[in-house]
Amino acid sequence: EVDASLVAGDTPATFDAKFVVDEGPKSVIGEIRVTGNVGTRESVIRRELTLASGAPLTRAEIGRTQKRLYDLGIFRDTDIIVEPPAPETADRNIIVDVTESPSVVVDYGLRYTTDRSFQVVADVVAPNLFGRAQRVGVRTLLGRDERVFRLTYRTPYFARFDLDTDFFLEHAVKEENPSDDEDFRPFTERSWTFTAQQARPLAESLSLQWSYSFRRTVTELEPSDEDIFDPLISVNRSIFTTALVGDTRNTVVNPSRGSLFNVTFQGAPRILGADLTFLKIFGQAYTFVSLGKGIVWAGGYRAGAANSFDQRLVEDDRFQAGGPSSVRGFATGSLGPIDPILGIPIGGKGVLIFNQEIRFPIYWRFRGVGFYDAGKVFEEPSDRSLVKLRTSAGAGVRVELPFGLLRFDWAWPLDPREGEDPWQFILSLGHAF
């Protein structure tokens, strides 16, 4: 207990503050018991505990333990119960009570795509295999022109180390045969992808991530009597990625203070089997400042550069700008180089994007937003310039629903050019950044 009072100071019109502190008995952790686990091994739970018998009992450690247990992704609820001290001791026994998630989760659905075809999607996930918090999942997508089979595996440990580890294996088949284009040559694309990823916490809000991905893509053109070259085209992509991630946001869905940043470095060296080599660096930072009365100033800053060593950089590795989560007011990917023959965006090797938002409450679950965006993609990193950025502004409404944040945005370019839409309407889930 703390008692505070003011007493007259030595000089007129001054007061001294007096605090009387009663420390009370020291709270020490006694026995720790685990309850509620049916399929989960107790050793898995105890490995996540930051509480230890004989250590001082603090609210910070209770919260840290709960977060580590939630991060396993296998519990619907966790409760840390501190029992009253026994009369003969000041030790406080603790009960760690957990409520497990279902042992198997099955999702399935039917969807209709813009190319007027139906697709069946099914997911089967076992989030707690053998009670070790190991997650195994199988995903299948079946459509008229596309088939995907995916296997995933995740474990919070690697050997004896606390390393979140993910493995990903996928086989996909895609067929292109448009019936309304006589000049188009049909082809079938088959790809095999393997990815391994790990993450290591460096501090409470800082982590280091690295991954390796290998993809082999074989494209088979429909046979033709005019073929001079082999109609079978094979390309190998081998990419190593490392990223430093910091996150001090108070919440993930709708933050009002804190920041999120990451710096990502990618390399595709020939020594790892890559047919097309490149180096790429990309950094992004998002800041959230509370201005009081529910008003939040949010800022986003993104920059990137790539070097393909005089080789062609494929579209998947090029930067894009413009669209609902980039520079609103412009079509997706439209702020950059355009293919002169096809007339479609092809991205570039350099990018700059800046976003500013003022978020404010309106009524009940409704919030308003005013924003200003600027950005552009450049063919080469050396072409980057602030004076060349395209800008847009707009306003929006956010609706907080039980499953997430529903976003409505209206945006218009501040420097419209011929052929561009005068405004864009955006309907999406979650904030733009």
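The values are calculated or read from the model by the stated rules, or taken from the named source; none is laboratory data. Quantities reported herein were computed from a predicted structural model and do not represent experimental measurements. Note that we place each Cβ from the backbone using ideal geometry, even for glycine, and neighbour counts take in every protein chain shown. Just so you know, the surface numbers come from the protein's heavy atoms only, side chains and all, with ligands and any DNA or RNA stripped out. Shrake-Rupley method; radii C 1.70, N 1.55, O 1.52, S 1.80 Å.
Just a yes or no: is a residue in segment 14-32 surrounded by 11 or more Cβ atoms within 10 Å (Cβ to Cβ) and within 30 Å of residue 102 (Cα to Cα)?
yes
Among the residues of segment 370-381, how many are open to solvent by 30 Å² or more (accessible area, probe 1.4 Å) and of a type in the set (Phe, Trp, Tyr)?
Total satisfying the criteria: 1.
What number of residues within segment 325-354 satisfy the criterion of being open to solvent by less than 10 Å² (accessible area, probe 1.4 Å), of a type in the set (Val, Ile, Thr) and assigned to a loop (DSSP other than H, G, I, E, B)?
Of the residues in that region, 1 qualify.
Pairs only if they're at least six apart or on different chains, beta carbon under 6 angstrom, first in segment 56-70 and over 18 Å from residue 164 (Cβ atoms) and touching a residue at least 12 places away in the same chain (Cβ under 8 Å), second of a type in the set (Gly, Ala, Ser) and open to solvent by less than 50 Å² (accessible area, probe 1.4 Å); list them, first residue then second.
So the pair list comes out as 57/27.
One residue is enough: does segment 80-98 have a residue meeting the conditions closer than 18 Å to residue 130 by Cα, under 23 Å from the mean Cα position of the chain (by Cα) and not charged (D, E, K, R)?
Taking every residue of segment 80-98 in turn, none turns out to be closer than 18 Å to residue 130 by Cα, under 23 Å from the mean Cα position of the chain (by Cα) and not charged (D, E, K, R).
Can you tell me which residue in segment 126-162 is least open to solvent (accessible area, probe 1.4 Å), limited to those that are farther than 20 Å from residue 48 by Cα and touching an Asp or Glu at 6+ places or on another chain (Cβ under 6 Å)?
145
Filter segment 387-422 down to residues that are closer than 23 Å to residue 358 by Cβ, of a type outside the set (A, V, I, L, M) and loosely packed, with under 14 Cβ neighbours inside 10 Å, then give me how many there are.
Filtering segment 387-422 for residues closer than 23 Å to residue 358 by Cβ gives 389-401, 404-415.
Next, only the ones that are of a type outside the set (A, V, I, L, M) stay: 390-392, 394, 396, 398, 400, 404, 407-410, 412-413, 415.
So of that shortlist, the ones also loosely packed, with under 14 Cβ neighbours inside 10 Å come out as 400, 404, 415.
Here the count works out to 3.
Only one of these is of a type in the set (D, E, K, R), open to solvent by 10 Å² or more (accessible area, probe 1.4 Å) and at pLDDT 95 or above: 367, 384. Name it.
367
Give the number of residues within segment 182-202 that are basic (Lys, Arg), assigned to a strand (DSSP E or B) and at pLDDT below 95.
Qualifying residue count for the region: 1.
So which residues in segment 325-362 are charged (D, E, K, R) and free of Cβ contacts under 8 Å to residues at least 60 places away in the same chain, if there are any at all?
Those that are charged (D, E, K, R) and free of Cβ contacts under 8 Å to residues at least 60 places away in the same chain: 339, 349.
Among the residues of segment 35-57, which ones are part of a loop (DSSP other than H, G, I, E, B) and crowded, with 16+ Cβ neighbours inside 10 Å?
36, 37, 40, 48, 49, 51, 57 - these are the residues of segment 35-57 that are part of a loop (DSSP other than H, G, I, E, B) and crowded, with 16+ Cβ neighbours inside 10 Å.
Consider residue 302 against the criteria (1) touching a Leu at 6+ places or on another chain (Cβ under 8 Å); (2) outside any loop (DSSP other than H, G, I, E, B); (3) open to solvent by 50 Å² or more (accessible area, probe 1.4 Å): it satisfies all of them except one. Which criterion is unmet?
(3)
All but one of (1) farther than 25 Å from residue 209 by Cβ; (2) over 18 Å from the mean Cα position of the chain (by Cα) hold for residue 347, so report the exception by its number.
Every condition holds for residue 347 apart from (1).
Among the residues of segment 285-296, which ones are open to solvent by 30 Å² or more (accessible area, probe 1.4 Å), over 17 Å from residue 353 (Cα atoms) and of a type in the set (A, V, I, L, M, F, W, C)?
Answer for segment 285-296, where residues must be open to solvent by 30 Å² or more (accessible area, probe 1.4 Å), over 17 Å from residue 353 (Cα atoms) and of a type in the set (A, V, I, L, M, F, W, C): 289, 291, 295.
What number goes with the only condition from (1) open to solvent by less than 80 Å² (accessible area, probe 1.4 Å); (2) without any contact (Cβ under 8 Å) to a residue 40 or more places away in the chain; (3) assigned to a loop (DSSP other than H, G, I, E, B) that residue 89 does not pass?
So the condition that residue 89 fails would be (2).
Specify the residue that is modelled with the highest pLDDT; the eligible residues are those in segment 225-284 that are over 30 Å from residue 404 (Cα atoms), assigned to a loop (DSSP other than H, G, I, E, B) and open to solvent by 50 Å² or more (accessible area, probe 1.4 Å).
275
If you go through segment 325-343 one residue at a time, do you hit one that is out of contact with any Gly (no Cβ under 6 Å at 6 or more places or on another chain), under 22 Å from residue 250 (Cβ atoms) and polar (S, T, N, Q)?
Yes, some residue in segment 325-343 is out of contact with any Gly (no Cβ under 6 Å at 6 or more places or on another chain), under 22 Å from residue 250 (Cβ atoms) and polar (S, T, N, Q).
Residue check: is residue 6 assigned to a strand (DSSP E or B) and touching a Phe, Trp or Tyr at 6+ places or on another chain (Cβ under 7 Å)? Even if it seems obvious, please write down each step before you answer.
Working: assigned to a strand (DSSP E or B): yes; touching a Phe, Trp or Tyr at 6+ places or on another chain (Cβ under 7 Å): yes.
Yes; evaluated as a whole, the condition is true for this residue.
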